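Peer 1: Let me give you the structure first, and then I'll get to my questions.
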Amino acid sequence: MDSLDARKLFAYHADAMAYVDVEDANGDRGLGSAFHVGDSVFVTARHVVEHKSIIEVKITEPIEVPDYGSLKPPAENVQIPKRHYYNEPLHLSDGPFFSTDDNLDIAAFRVDNLNPAAGVIKLGVHYDDWLERDYWQMSEAIVLGYPPIPMVNAPVLIGAKAEIHTYVKPRHSHYVHFILSTTPRGGFSGGVAIHENGS
């Protein structure tokens, strides 16, 4: 995947990403990532939010919203310009919720003040018995998340290109896990990997 394709994937999915600022029982702060899957529901990693207080959840990238201006209602066949909207920190309305399977490192929560134009990450339909190893081996993806960056004032969304080596079924789980390599950094937890085909 060349840099232009990677940047297009980043731009298309960036406004579906949010950071999750948490605090544990000892008062230690941590940072993770979450992604919007529709209906104001965000998915993150269980270990990001379990046994922790969620201090703040926020989308940092601008959301493109229609700028109707004086076009009310918009005239037919007129392309509506877009403007950038920065969503306020998100208010949790439900959750976080966890799987009944403790081995699944996944959690979900819902918010109540998300702009309806925010991006949505489509979940894959990779049923285990449909997967063919040679389709995934040596293919590429981008990984999106919020690894902490020293000496900055606020979390910044980071994208990194990754290579997909294969998939496996680890001993602790009934589900397929994809093996990716990129620069490992804390804060990508709860983020998303987008395959080069866009899924």
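The values are calculated or read from the model by the stated rules, or taken from the named source; none is laboratory data. Given the structure is predicted, the values throughout are model-derived calculations rather than measurements. When we count neighbours, we look across all protein chains shown, and the Cβ atoms used for this are built from the backbone with ideal geometry, even at glycine.
Peer 1: Within the stretch 14-30, how many residues are buried (at least 17 other Cβ atoms within 10 Å of the Cβ) and modelled with pLDDT under 95? Can you show your working first?
Peer 2: As a first pass, look at the stretch 14-30 and keep what is buried (at least 17 other Cβ atoms within 10 Å of the Cβ): 14-22, 30.
Filter again for modelled with pLDDT under 95, leaving 30.
The total comes to 1.
Peer 1: On to the next question. Looking only at the stretch 46-63, count how many residues are closer than 11 Å to Gly30 by Cβ and crowded, with 17+ Cβ neighbours inside 10 Å.
Peer 2: Counting residues in the stretch 46-63 that are closer than 11 Å to Gly30 by Cβ and crowded, with 17+ Cβ neighbours inside 10 Å gives 4.
Peer 1: So Thr100 clears everything in (1) hydroxyl-bearing (Ser, Thr, Tyr); (2) assigned to a strand (DSSP E or B); (3) more than 17 Å from Pro155 (Cα to Cα) except one condition, right? Which one?
Peer 2: Status for Thr100: all satisfied but (2).
Peer 1: Inspect all residues belonging to the stretch 163-177 and state whether any of them is closer than 19 Å to Glu61 by Cβ, β-branched (Val, Ile, Thr) and either free of Cβ contacts under 8 Å to residues at least 40 places away in the same chain or in a strand (DSSP E or B) (or both). Explain how you work it out, then say what you get.
Peer 2: Taking the stretch 163-177 and keeping what is closer than 19 Å to Glu61 by Cβ, we get none.
The answer is no, given that none of the residues of the stretch 163-177 is closer than 19 Å to Glu61 by Cβ, β-branched (Val, Ile, Thr) and either free of Cβ contacts under 8 Å to residues at least 40 places away in the same chain or in a strand (DSSP E or B) (or both).
Peer 1: Give Ala25, Ala18 a once-over and let me know the one that is in contact with a Lys or Arg (Cβ under 9 Å, 6 or more places away or on another chain) and outside any loop (DSSP other than H, G, I, E, B). Step through it out loud before you land on a result.
Peer 2: Values: Ala25 fails: outside any loop (DSSP other than H, G, I, E, B).
Selected residue: Ala18, the only one of Ala25, Ala18 that is in contact with a Lys or Arg (Cβ under 9 Å, 6 or more places away or on another chain) and outside any loop (DSSP other than H, G, I, E, B).
Peer 1: Please list, ordered by first then second residue, the pairs with beta carbon atoms under 6 Å, 6 or more apart or interchain, first in the stretch 81-100 and touching a residue at least 12 places away in the same chain (Cβ under 8 Å), second polar (S, T, N, Q) and not in a strand (DSSP E or B).
Peer 2: Filtered contacts from the stretch 81-100: Tyr85/Asn115; Asn87/Asn115; His91/Asn113.
Peer 1: Look at Ala141 and say whether it is under 14 Å from the mean Cα position of the chain (by Cα) and either modelled with pLDDT of 80 or more or not in a loop (DSSP other than H, G, I, E, B) (or both). Let's see the steps before the verdict.
Peer 2: Values: under 14 Å from the mean Cα position of the chain (by Cα): yes; either modelled with pLDDT of 80 or more or not in a loop (DSSP other than H, G, I, E, B) (or both): yes.
So Ala141 passes the test.
Peer 1: Look at the stretch 157-178 and say how many of its residues are exposed (fewer than 14 other Cβ atoms within 10 Å of the Cβ) and either more than 18 Å from Leu123 (Cα to Cα) or among the hydrophobic types (A, V, I, L, M, F, W, C) (or both).
Peer 2: 8
Peer 1: Residues of the stretch 150-199 being within 15 Å of the chain's Cα centre (by Cα), of a type in the set (A, V, I, L, M) and over 18 Å from Asp5 (Cα atoms), which ones?
Peer 2: Once the filter is applied, which keeps residues that are within 15 Å of the chain's Cα centre (by Cα), of a type in the set (A, V, I, L, M) and over 18 Å from Asp5 (Cα atoms), the stretch 150-199 yields only Val156.
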